[in-house]
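Read the structure below first, then the notes.
The values are calculated or read from the model by the stated rules, or taken from the named source; none is laboratory data. What you see is a predicted model; the values in this text were computed from it and never measured. Cβ placement follows ideal geometry from the backbone for every residue including glycine, while neighbour counts extend to all protein chains displayed.
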Amino acid sequence: MVAELGHFINGKSVSGTSGRLHDIFNPTTGEVQRSVALATRAEVTKAVDAAQEAFYGWSTTNPQKRARVMFKFKELVEKDMDNLAKLLSSEHGKILPDARGDVIRGLDVIEFACGIPHLLKGEYTEAAGSGIDVYSMRQPLGVVSGITPFNFPAMIPMWMFGVAIACGNTFINKPSEKDPSVPLRLAELMMEAGAPEGVLNVVNGDKEAVDAIIEDPRVKAISFVGSSDIAQYIYENGAKNNKRVQAFGGAKNHMIILPDADMDNVVNQLIGSAYGSAGERCMATPVAVPVGEGTAETLISMLKPKVESLRIGPSMSEDSDLGPMVTAAQCERVAGYIQMAVDEGQDLIVDGRDFTLQGYENGFFMGGTLLDNAKPEHKSYREEIFGPVLQIARAANFEEALALPSNHQYGNGVAIFTRNGAAAREFAARVNVGMVGINVPIPVPVAYHTFGGWKRSGFGDTNQHGPEGVKFWTKVKTITQRWPEDVQGSEFVIPTMG
Ligand code: NAD
C-alpha cells in the first residue's frame with residue numbers, strides 16, 4: 001500500500017472521498033511511490049465554500065499586512081528549500097539543482113508580491129470638474145483559481161497565487177495529478193506564514209474537478225497553464241461561465257543562429273536549453289535554425305559529440321545534466337515523434353530512444369536526440385514534442401529564419417544569437433512571438449516584468465505576474481465625487497465638467 005494524498009481545504013489536509021486515485025511515480029525507478037485522490041464536484045464545492053468564507057476578511061485586511069504574510073512565506077519556503085526540492089525532483093524527475101531553480105523562480109514572484117501596497121495604489125484627479133474629484137482603485141475579484149501543469153509544480157502555482165492572494169483574493173489551486181506534493185506543501189507553508197484558513201486551498205483532481213471550478217459561479221477568474229487544447233477548452237468554457245480567464249498553452253521555441261554568432265557560446269547555450277529538464281519546459285529550445293551557407297554543418301559538428309555525451313542520471317543527482325522524463329507514457333509519446341520525424345524525411349543524427357541507465361532499468365529515461373532538416377510541412381515540427389529532442393530547421397537567410405517562428409502555430413519564446421545589433425533589433429521588432437531572447441536562450445522575464453506567449457501559446461490578453469498579473473487579479477473601480485456646499489439644481493444633459 002502506498003501513501004494516499006488528499007486535498008488542502010480551509011487550512012487543513014483532508015482525505016479524498018471519491019475513491020478515484022491517480023498513481024504518482026518515481027520517474028527514476030519507475031515505481032509508484034504514492035497516489036493522489038481525484039476530487040468530486042462536492043469536494044471542489046467545499047473548497048470554494050472555504051475560499052468564499054475567507055474572502056471578506058482577507059480582502060479587507062490592509063495590503064501591508066497581506067505583504068507581511070508574503071514576506072514570512074518567502075522565509076519559510078527558503079528554510080524548507082531542501083525538502084521542497086527533493087519532493088519536487090522525486091515526483092517530476094528533474095535534477096535537484098533544477099528543482100531548486102523551480103522553487104527560486106516562484107519565490108521571485110512572491111518577492112514581487114511583497115510590494116503589493118505600492119502596486120495597488122490607485123489614481124486620483126483633483127478638481128476634474130467644479131468641486132469634483134475622480135479617483136480609481138483596484139479591488140480583488142473574490143474566489144479565484146489556478147490550474148497548473150506538471151512541469152513547474154512550485155514556480156507556476158507561486159506565480160499565480162502569490163500575486164492573486166497579495167491582491168486580496170482567495171485561491172484554489174488545482175495542480176497536476178502527476179506531482180501534487182509540492183503545491184500541497186506550499187499551502188501548508190502559507191498557513192504557517194499567517195494566511196487565514198481558506199485563503200489558499202489545493203484541490204487535486206482531473207477534468208471533473210476542473211469542470212466544477214469552471215462551472216461554480218463564485219469562482220471569478222481562472223489562470224491556466226498546460227497544453228494548448230486544454231488551454232483553449234478552459235478559455236472558452238471559462239468565458240462562457242462569465243469568468244476572467246488567461247490560459248497559457250504549449251510551445252515550440254526556435255533559436256535563430258546567424259552566421260556571425262559566437263559558435264562556442266551558441267552550442268553551450270543550446271545544449272542546456274534544448275536538453276535541460278529533459279526538454280520538459282515550455283521555454284525549452286526544441287528547434288535550432290542555423291542561417292546561411294555552412295552554419296548548419298558547423299553547428300552539427302560541434303553539437304553532435306555534446307549530445308552523445310550528455311550526463312543522464314537519477315533525479316536526485318547534483319551533477320547530471322538531465323534526469324528521467326515524468327512518465328513512461330511521455331517517453332512513448334516522444335519516441336513516437338522521433339519515428340514520425342524519421343518517416344517525414346528528417347536525418348537522425350543522434351538517436352536517444354534506446355538509452356537505459358544502469359541500475360535504473362525501469363526508470364523513464366531517454367537519451368538526447370538530434371534531428372536535421374525539419375521542414376514547416378512536417379507534423380513533428382509543427383507539434384510540441386516536450387522531450388530531449390532538438391530539431392534543426394535550416395534557413396537560407398534572415399527572412400527565411402524570421403518566417404519560421406513567426407508562422408509557427410505556437411509563439412511562446414524565441415531567441416536569436418548574433419553579434420549584429422541591428423539584425424537582432426530588427427528580429428525582435430518583427431518576430432510574431434511573445435518573448436524574445438537576444439543571445440539569451442531561455443528568455444523567461446524577471447518577476448517584475450511579465451510572462452506570456454502569443455498565438456496558441458496564450459489565450460486571453462493579460463500576462464502572468466508583474467504589473468499585468470496585478471491587473472489580471474483585480475478590477476478597477478472609478479469614483480467621481482462631489483461635496484457640494486449648496487444644493488445643486490437638476491441636470492438633464494450629460495455632465496461635461498466643462
Ligand atoms: P496538461 O494540459 O496535460 O495539464 C495541465 C492541467 O490541466 C493539469 O492540472 C491537468 O490536470 C489539467 N487537465 C488535463 N487534462 C484536462 C482535461 N481534459 N480537462 C480539464 N483539465 C485537464 O499539461 P501538462 O502535461 O501538465 O504540462 C505540459 C504542457 O504545459 C506543455 O504543453 C507545456 O508547453 C505547457 N506549459 C506551458 C507553459 C506556458 O507558460 N505557456 C508553462 C509550462 C507548461
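Filtering the range 71-97 to residues that are surrounded by fewer than 19 Cβ atoms within 10 Å (Cβ to Cβ) and within 22 Å of residue 284 (Cβ to Cβ) leaves only 97.
The single condition among (1) closer than 18 Å to residue 93 by Cβ; (2) touching a residue at least 40 places away in the same chain (Cβ under 8 Å); (3) part of a helix (DSSP H, G or I); (4) within 12 Å of the ligand (Cβ to nearest atom) that residue 152 does not meet is (3). On inspection, residue 422 fails the criterion of being more than 30 Å from residue 126 (Cβ to Cβ), touching a helix residue (DSSP H, G or I) at 6+ places or on another chain (Cβ under 6 Å) and among the aliphatic types (A, V, I, L, M).
In the range 425-442, the residues that are surrounded by 17 or more Cβ atoms within 10 Å (Cβ to Cβ) form Cβ pairs under 7 Å with partners that are of a type in the set (Val, Ile, Thr), at six or more places apart or across chains, as follows: 427/256; 427/416; 431/414; 433/414; 436/414; 441/285.
For residue 430, the conditions (1) outside the structural domain of residue 289 (by TED's automatic domain parsing); (2) in contact with a helix residue (DSSP H, G or I) (Cβ under 8 Å, 6 or more places away or on another chain); (3) on the phi < 0 side of the Ramachandran plot all hold with the exception of (1). Set side by side, the residues 233, 275 differ, and just one is without any contact (Cβ under 8 Å) to a residue 12 or more places away in the chain and either under 20 Å from the mean Cα position of the chain (by Cα) or outside the structural domain of residue 51 (by TED's automatic domain parsing) (or both), which is 233.
Of the residues examined, residue 106 is one that is small (Gly, Ala, Ser) and either within 15 Å of the ligand (Cβ to nearest atom) or assigned to a helix (DSSP H, G or I) (or both). Within the range 475-498, not a single residue is under 16 Å from the mean Cα position of the chain (by Cα) and either in a strand (DSSP E or B) or within 30 Å of residue 245 (Cβ to Cβ) (or both). Residue under question is residue 299, and the condition is that it be over 30 Å from residue 462 (Cα atoms), touching a Pro at 6+ places or on another chain (Cβ under 6 Å) and either buried (at least 20 other Cβ atoms within 10 Å of the Cβ) or of a type outside the set (Ser, Thr, Tyr) (or both); does it hold? When the stated conditions are applied, residue 299 passes them. Would you check if residue 47 is under 30 Å from residue 356 (Cβ atoms) and in a helix (DSSP H, G or I)? When the stated conditions are applied, residue 47 does not pass them. Residues in the range 445-474 that are outside any loop (DSSP other than H, G, I, E, B) and touching a Pro at 6+ places or on another chain (Cβ under 8 Å) were compared, and the one that is farthest from residue 406 (Cα to Cα) is 474. Filtering 34, 100, 68 for residues that are surrounded by fewer than 17 Cβ atoms within 10 Å (Cβ to Cβ) and either basic (Lys, Arg) or within 17 Å of residue 200 (Cα to Cα) (or both) leaves a single hit, 68. Within the range 487-498, not a single residue is surrounded by 13 or more Cβ atoms within 10 Å (Cβ to Cβ) and of a type in the set (A, V, I, L, M).
Reported count of residues in the range 344-372, each being in a loop (DSSP other than H, G, I, E, B), surrounded by 15 or more Cβ atoms within 10 Å (Cβ to Cβ) and over 30 Å from the mean Cα position of the chain (by Cα), is 2. For the range 207-220, the count of residues that are within 9 Å of the ligand (Cβ to nearest atom), surrounded by fewer than 23 Cβ atoms within 10 Å (Cβ to Cβ) and basic (Lys, Arg) is at least one.
Taking the conditions (1) farther than 12 Å from residue 389 by Cβ; (2) touching a residue at least 40 places away in the same chain (Cβ under 8 Å) in turn, residue 319 satisfies each one other than (2). Annotation: of all residues in the range 135-154 being buried (at least 24 other Cβ atoms within 10 Å of the Cβ) and of a type in the set (A, V, I, L, M), the one that is farthest from residue 207 (Cα to Cα) is 154. All of (1) in contact (Cβ under 8 Å) with a residue 40 or more places away in the chain; (2) of a type outside the set (Asp, Glu); (3) assigned to a loop (DSSP other than H, G, I, E, B) hold for residue 162 with one exception: (3).
I'd like to know if the range 184-196 contains one or more residues that are within 16 Å of the ligand (Cβ to nearest atom), under 25 Å from residue 230 (Cα atoms) and without any contact (Cβ under 8 Å) to a residue 40 or more places away in the chain. No. For the range 390-411, check the following and say yes or no: at least one residue is of a type in the set (Gly, Ala, Ser), in a strand (DSSP E or B), modelled with pLDDT of 95 or more and within 21 Å of residue 444 (Cα to Cα). Yes: one or more hits.
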